[in-house]
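Q: I have a structure I would like to understand better, so I am pasting it below and will then ask my questions one at a time.
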Amino acid sequence: MIREPWFWRGQSFAARAATAMMIPAALAYQAAHQLRWRLTRPARAPVPVICVGNASLGGSGKTPFAMLAADLLGEGGVRAVFLTRGYGGALTGPVVVNPDRHDADDIGDEALLLARYGPVVVSRRRHEGAILAAQQGAQVIIMDDGFQNPSLHKDMSILIIGADEQESNGALFPAGPFRERPASARARATITVCVGAENGSADFHAWLAPENAPAPERIVAFAGIGKPEKFFASVEACGFEIAARIPFPDHHRFTAAELSVLKKTAAKEQARLICTEKDFVRLPQDFRQNVLTLPVVMQVNDPARLKQHLLSVMSQPMHSPHHHNDD
């Protein structure tokens, strides 16, 4: 994935000029998006579908929220199976993730991370993945991402709103970070969740909190996620002394040369390496031995009310699934 362009969050004359130049491409992108929605008849899955997504590109906490949703459903006695397209992986699916057999090159980092929390199906064609998930015993499917994908009917759509979305230029991709207009995304959402700073207009407020953090020490922090600086801030807040911060693009595949530089930097700084769990699953097995991770979990201001919302999909009337050709 490319790095976020500099002008998406800039307010200078140059940033505004760069945004303006991209407006025709943004309008074409939006027109294609709207046409796809008009022409696609969503397929119905054999079981209810809860979609966790966002209106913007980059990391807003979709995957940790999907894990929280699975936990809350599990508390209510409902078995959830995750469904994801496996961004960055070579397999098109539908395939049930096996962490002993699949790596990030096969199925992407998010699918591997989700597999630590429950069964995962990877499928580019979401409706085929939904059928396989139901065959795996899913009582409900949690789609990680796919908010803009019209091919599968959603019984509940959860819109994750990153607190830093307000800092952007508010424009549509590629002129800005938005996949669709925030107002249209909110109109389709069953529930809105603001991650980070509180947002009075969202239904829930959530935040990422470290869990079982290793003991603080001197470290070299690296991250290939949507917002690396958020990870660096979390590491610092846990009491680590950061000797160096090394950001990479989201879903970055580390080369041998880059890993060598990381190792040498840590040796030079007399520090341990630390990264996110998402980065960790993309590292070669032998490199992982000397790398710490900072596990994080999603927390929400009213888990009981959220659980009630999630469990409500089980009482909605189901329609018979139909087959579908477009994804």
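The values are calculated or read from the model by the stated rules, or taken from the named source; none is laboratory data. Because the structure is a prediction, the values reported are computed rather than measured. With ideal geometry, Cβ positions are generated from the backbone for all residues, glycine too; neighbour counts draw on all protein chains shown. Remember, those area values only see protein heavy atoms, side chains included, never the ligands or the DNA or RNA. Shrake-Rupley method; radii C 1.70, N 1.55, O 1.52, S 1.80 Å.
Q: For the stretch 265-311, which residues satisfy the criterion of being over 28 Å from GLU229 (Cβ atoms), among the polar types (S, T, N, Q) and at pLDDT below 95?
A: Within the stretch 265-311, just GLN285 meets the criteria.
Q: Restricting to the stretch 84-108, name every residue that is part of a loop (DSSP other than H, G, I, E, B) and surrounded by 20 or more Cβ atoms within 10 Å (Cβ to Cβ).
A: ARG85, GLY86, GLY89, GLY93, PRO94, VAL97, HIS102, GLY108
For (1) surrounded by fewer than 17 Cβ atoms within 10 Å (Cβ to Cβ); (2) among the β-branched types (Val, Ile, Thr); (3) under 22 Å from SER157 (Cβ atoms), each residue gets a yes or a no:
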| residue | (1), (2), (3) |
| --- | --- |
| ARG9 | yes, no, no |
| THR19 | no, yes, no |
| MET22 | no, no, no |
| ALA25 | yes, no, no |
| ALA28 | yes, no, no |
| THR40 | yes, yes, yes |
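Q: For the stretch 241-254, give me each residue that is touching a residue at least 40 places away in the same chain (Cβ under 8 Å) and open to solvent by less than 40 Å² (accessible area, probe 1.4 Å).
A: Answer for the stretch 241-254, where residues must be touching a residue at least 40 places away in the same chain (Cβ under 8 Å) and open to solvent by less than 40 Å² (accessible area, probe 1.4 Å): PRO249, ASP250, HIS251, HIS252.
Q: With the requirement that a residue be under 24 Å from the mean Cα position of the chain (by Cα) and surrounded by fewer than 21 Cβ atoms within 10 Å (Cβ to Cβ), what does the stretch 255-280 give you?
A: THR255, GLU277, PHE280
Q: Here's something else I'd like to know. Find all pairs meeting these conditions: Cβ atoms under 9 angstrom apart; at least six residues apart or on different chains; first residue within the stretch 192-217 and under 11 Å from ILE160 (Cβ atoms); second residue part of a strand (DSSP E or B) and open to solvent by 70 Å² or more (accessible area, probe 1.4 Å).
A: That search, which allows pairs on different chains as well, returns VAL195/TRP207; VAL195/LEU208; GLY196/TRP207; GLY196/LEU208; ALA206/GLN299.
Q: Please pick out the residue among ALA185, ALA197 that is aliphatic (A, V, I, L, M) and buried (at least 19 other Cβ atoms within 10 Å of the Cβ).
A: Result of the check over ALA185, ALA197: ALA185.
Q: Continuing with the same structure: Could you check how many residues of the stretch 9-34 are farther than 19 Å from GLU165 by Cα and among the β-branched types (Val, Ile, Thr)?
A: Of the residues in that region, 0 qualify.
Q: In the stretch 207-226, which residue that is out of contact with any Phe, Trp or Tyr (no Cβ under 8 Å at 6 or more places or on another chain) and of a type in the set (Gly, Ala, Ser) is modelled with the lowest pLDDT?
A: Initial filter on the stretch 207-226 (out of contact with any Phe, Trp or Tyr (no Cβ under 8 Å at 6 or more places or on another chain)): 207-215, 220, 226.
From the residues that got through so far, the ones that are of a type in the set (Gly, Ala, Ser) too are 209, 213, 215, 226.
Working: ALA209: 89, ALA213: 88, ALA215: 92, GLY226: 78.
That would be GLY226.
Q: Mind counting the residues in the stretch 134-165 that are of a type in the set (Gly, Ala, Ser), open to solvent by 10 Å² or more (accessible area, probe 1.4 Å) and not in a loop (DSSP other than H, G, I, E, B)?
A: Looking only at that region, the number is 3.
Q: Under 6 Å between Cβ atoms, which residue pairs at least 6 apart in sequence (or on different chains) link something in the stretch 125-148 that is within 19 Å of MET67 (Cβ to Cβ) with a partner that is in a helix (DSSP H, G or I) and of a type in the set (Gly, Ala, Ser)?
A: What qualifies is ILE141/ALA130; ILE141/ALA133; ILE142/ALA66; ILE142/ALA69; ILE142/ALA70; ASP144/ALA66.
Q: Please specify each residue of the stretch 217-258 satisfying the condition of being assigned to a helix (DSSP H, G or I) and touching a strand residue (DSSP E or B) at 6+ places or on another chain (Cβ under 7 Å).
A: Residues satisfying the conditions are PRO228, PHE231, PHE232, SER234, VAL235, GLU236.
Q: Further question: In this structure, is HIS127 over 24 Å from LEU27 (Cβ atoms), open to solvent by 40 Å² or more (accessible area, probe 1.4 Å) and not hydrophobic (A, V, I, L, M, F, W, C)?
A: So HIS127 fails the test.
Q: Which members of the stretch 281-293 meet the condition of being under 23 Å from ALA90 (Cα atoms) and either open to solvent by 40 Å² or more (accessible area, probe 1.4 Å) or among the charged types (D, E, K, R) (or both)?
A: Across the stretch 281-293, the qualifying residues are ARG282, PRO284, GLN285, ASP286, ARG288.
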